[in-house]
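A short worksheet on the structure shown next.
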Amino acid sequence: MNLVGKILVILILVMSLVFMGMSVAVYATHKNWKDAINNPTTGIKAKLQAEQAKNSELKANFDKLQQQIALEEAAKRDALGKLEGELTRLQTEYRQLATAQAAREQQMATTAQDLESSHKTLASLREQVDKLRDEIHVAQTDRDKQFTEGVKLTDQLNQTKAEVARLNERNVQLAQQISEWRVAADKAGVDLNKVGDLPPTLDGRVAATNASGRVEINLGSDDGLKPGHKLEIFRKTSDGSRYIARVVVTDVEPDRAVAKEVAEPEFHKGIIQKGDHVATRLN
């Protein structure tokens, strides 16, 4: 036997051993598939039926869940529709509220401007009221002064009326006396137009007085005065002249004279004071 034959024999032997091992392995791993399938407890068929039952139950649960999901989706769609409607309503209401808020803010701004203008007007009116109050106060003060002055003037008017009435009465008496004197002078043959003892027309002032009734006059012999001349005393006031008294000259100097008040009470109308006017005639 050559080398090739030996190699083939060895290969055959090796292959035999391999096949034998494979046969032993196949036998060792052999299983009764029928029993494994038909066994009511551990068989594949029983397990398959159990799994099919579980599958049916799961499918039923799945269908139920799908129904629930469908119902929930429908409910969600319904709720979503309601929410969308509510959202639309809220958006509309928001726009309305925003418009109303803008109008309210505009109104508030206008009201604020009106209020500010009202404050300014009120301040101006207060100033005018204060001014009017001051004017009223001044007017009331003036009115009171004018009322007082009116009362005073009324009293002076009444006094003046009384004085005018007295002077008118005195004028009538003097006119009667002059008429009597003229009659007496005519009977006595005396021309009154040529009598030189009458005092000249003069106008002076009382320079001083004393308690005895004597007065000093700023007129004298240089002015034509002589002892025995009768002079009239009067006082000038804001509303005219007021008759005071009649005096007769007793002492005469060149620039001054002394006189005393006559005793006739009808000529005494007041107290002679310094500064009173002295006249030989009353206009």
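Values as computed for the structure displayed
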read-out: Any pair with Cβ under 6 angstrom, 6 or more apart, that starts in the range 209-232 at a residue that is on the phi > 0 side of the Ramachandran plot and ends at one that is modelled with pLDDT of 90 or more and in a strand (DSSP E or B); value: GLY213/LYS260; GLY213/GLU261
read-out: Exclusive hit being closer than 30 Å to PHE267 by Cα, small (Gly, Ala, Ser) and surrounded by 10 or more Cβ atoms within 10 Å (Cβ to Cβ), set ALA123, ALA162, ALA112; value: ALA162
read-out: Answer residue from the range 158-174, given it is modelled with pLDDT of 75 or more and charged (D, E, K, R) and is nearest to the chain's Cα centre (by Cα) among those; value: LYS161
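Residue-wise test of (1) farther than 18 Å from GLN159 by Cα; (2) touching an Asp or Glu at 6+ places or on another chain (Cβ under 8 Å).
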site	(1), (2)
ASN218	yes, yes
SER221	yes, yes
LEU231	yes, no
ARG235	no, yes
ASP255	yes, yes
GLU266	no, no
GLY275	yes, no
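The values are calculated or read from the model by the stated rules, or taken from the named source; none is laboratory data. Predicted model, so just to flag it, every value in this text is computed and none were measured. Cβ atoms come from the backbone with ideal geometry, glycine included; neighbour counts cover every protein chain shown.
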